[in-house]
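The values are calculated or read from the model by the stated rules, or taken from the named source; none is laboratory data. Not measured: the values here are computed from a predicted model. Cβ placement follows ideal geometry from the backbone for every residue including glycine, while neighbour counts extend to all protein chains displayed. What goes into the accessible areas is simple: the full protein's heavy atoms, side chains included, and nothing from ligands, DNA or RNA. Shrake-Rupley method; radii C 1.70, N 1.55, O 1.52, S 1.80 Å.
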Amino acid sequence: MQWGPPAMTPDLERRLSPQHPSGRSRSRPLLRFLVVLLGLFLLAVGVGQLNLEHDLHRLDAGFLSGLPEGNYHTIADGLVRTGEHQRARLREVPSQGSTDNIERLRAARHSCELAFGLAQDGSDWGAPGQLQLVGRLAKAESVFFLGKNADAVTEFAQLRQLRIGVGPQGSGSAQLMRRLFQLPELALLAAELEFGTPAEQLEQVEQGRLDLMVVVLDEDAPWLVGVLRSGRLQMVGFSKLDVVARRLPHFRTGRIGAGQFDPVVVLPPVDKRVLRVDTLIVGNGCASRSATLDLLSLVARQFPDFIQHNQETANKTDLELAPAARDFFEHSGPELAETYVPWLVDVMPPANWAYFVMGASLLFNAMGLGHRFRLWRLDVARVKLESEIAALFGSTTTLGDIARAQLHADAFPVQRRAEVEQVIRALEVLAERCRRQSLSMLVPMGQEMTYRYQESLITEALTVLRAFIARCPA
């Protein structure tokens with residue numbers, strides 16, 4: 001007999017052929033590798049297209065500024081231009097100034113066509129709670145008294161019976177001048193205060209119909225620098241301004257150095273003291289939290305010292321700081337959730353979400369404690385009934401022994417049968433209680449099986465005892 005390799009059967013030959021599925025299995029690892037590689041490539045392309053940069057598209061609000069030639073317009077226009085690059089839809093709304101902005105913001109609390117505006121610190125804000133402080137700009141505005149021969153005016157006594165233009169009715173400069181000349185000493189000067197736009201009053205001063213005009217502007221405002229450099233007007237510098245400023249809440253004094261506007265001609269010729277007033281951003285509560293945060297982010301980009309200035313400056317206004325602004329300044333900008341899930345913080349601030357999660361955790365722990373307590377009471381009641389069964393049938397008797405027990409008429413007295421029926425009724429009540437509590441909201445998901453286990457033990461005892469009673473002789 002010759003030994004050799006077994007003859008290849010047609011079936012084996014078919015299995016080993018390249019066309020058979022088992023032959024193609026060698027190519028599957030390579031195919032799987034290519035699929036994984038393709039998936040990783042597509043994932044990399046998708047991630048590369050993601051734009052995780054925070055934009056300001058949630059900011060869609062009207063922003064009250066001021067007159068076209070004023071500082072408020074310059075500020076608002078800069079914010080609008082900067083916001084356009086970040087998808088913000090901030091709309092500048094011209095106005096007559098600070099007082100006009102406050103009145104229009106209060107009037108728009110129901111329509112919400114306007115949400116923010118600029119105003120001077122110390123303004124009359126109206127009823128408490130109608131407006132909120134959003135932020136304070138670091139660079140204060142200055143109060144300039146301008147006139148044809150203003151360099152010669154250095155004392156308040158020289159203002160006696162002068163005609164002074166104080167800006168448009170409803171402007172911050174008009175409100176400030178009313179408060180200034182209502183001081184008992186200055187009221188005796190009997191100065192005549194007249195209203196009009198800066199352009200109108202500039203013409204009136206040049207024509208001699210006004211002695212002085214007052215503008216509240218940034219000291220580097222192009223309009224102001226142009227008027228002073230052209231020699232059309234000069235600026236007043238009061239020597240005793242500190243004494244008066246301390247009696248006007250929310251105002252302080254500053255210095256315009258000699259030659260600040262023109263160091264060659266030396267304009268002004270000497271150092272001059274001016275009143276300074278902070279510029280505030282106020283809101284009426286119409287904007288959402290995310291929109292307010294976007295505005296604050298926009299202002300911080302436009303004015304790099306905005307956050308630091310608000311962190312270091314106490315809020316001495318009569319306005320409550322907006323909650324979104326308070327959190328923004330505390331964290332030196334928006335938090336992570338406020339940046340990437342703003343819709344969530346519009347529902348509730350991040351700090352409140354933390355308290356909510358903590359409260360929910362405490363609630364679930366309390367529910368779990370209630371569940372474990374009720375389950376423990378069920379087990380105690382079941383064990384007590386099992387003890388009663390043991391007392392009836394013997395401490396070593398099991399349910400299987402009871403199920404196999406053969407009875408005759410004298411083996412189980414009637415009194416003992418009644419006691420067994422009483423245990424059956426107690427088990428039925430306990431089974432119903434177990435089923436009801438297993439459906440309770442206190443039971444954590446997945447813990448229903450502990451009740452089912454208790455219920456199975458009770459049902460087993462019920463089945464055995466009911467069958468035992470059925471076998472008992474009458």
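Would you confirm whether any residue within the stretch 62-77 is modelled with pLDDT under 75 and open to solvent by 60 Å² or more (accessible area, probe 1.4 Å)? No, the conditions are met nowhere in the stretch 62-77. Of all residues assigned to the stretch 134-150, none qualifies as being free of Cβ contacts under 8 Å to residues at least 24 places away in the same chain, open to solvent by 50 Å² or more (accessible area, probe 1.4 Å) and within 23 Å of PHE261 (Cβ to Cβ). When ARG246 is tested against (1) more than 22 Å from PRO269 (Cβ to Cβ); (2) surrounded by 15 or more Cβ atoms within 10 Å (Cβ to Cβ), only condition (2) is not met.
Residue-by-condition table, conditions (1) of a type in the set (Lys, Arg); (2) at pLDDT 85 or above; (3) at positive phi; (4) open to solvent by 30 Å² or more (accessible area, probe 1.4 Å):
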position	(1), (2), (3), (4)
ALA409	no, no, no, yes
VAL414	no, no, no, yes
GLU419	no, yes, no, yes
ARG425	yes, yes, no, yes
ARG436	yes, yes, no, yes
MET445	no, no, no, yes
TYR451	no, yes, no, no
GLU460	no, yes, no, yes
CYS472	no, no, no, no
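If the condition is being closer than 10 Å to PHE144 by Cβ and in a loop (DSSP other than H, G, I, E, B), then the stretch 192-222 contributes GLU219, ALA221.
Residues in the stretch 222-243 that are within 19 Å of VAL265 (Cα to Cα) and open to solvent by 10 Å² or more (accessible area, probe 1.4 Å): PRO222, TRP223, VAL225, GLY226, ARG229, SER230, GLY231, ARG232, GLN234, GLY237. Scanning the stretch 80-108 for residues being touching a helix residue (DSSP H, G or I) at 6+ places or on another chain (Cβ under 6 Å), surrounded by 21 or more Cβ atoms within 10 Å (Cβ to Cβ) and in a helix (DSSP H, G or I) gives a total of 3.
Can ARG374 be described as more than 30 Å from PRO444 (Cβ to Cβ), in contact (Cβ under 8 Å) with a residue 12 or more places away in the chain and surrounded by 11 or more Cβ atoms within 10 Å (Cβ to Cβ)? Taking the combined requirement at face value, the residue does not satisfy it. In the stretch 289-312, of all residues being open to solvent by 50 Å² or more (accessible area, probe 1.4 Å) and either part of a helix (DSSP H, G or I) or of a type in the set (Ser, Thr, Tyr) (or both), the one that is farthest from ARG252 (Cα to Cα) corresponds to ARG301. Looking only at the stretch 380-400, residues that are open to solvent by less than 50 Å² (accessible area, probe 1.4 Å) and either assigned to a helix (DSSP H, G or I) or modelled with pLDDT of 90 or more (or both) come to 9 in all.
When each of VAL143, VAL236, VAL225 is tested for being under 40 Å from the mean Cα position of the chain (by Cα) and at pLDDT 90 or above, the lone residue that passes is VAL143. Taken together, ARG209, ARG160, ARG178 contain a single residue that is surrounded by fewer than 17 Cβ atoms within 10 Å (Cβ to Cβ), of a type in the set (Lys, Arg) and touching a residue at least 40 places away in the same chain (Cβ under 8 Å), which is ARG209.
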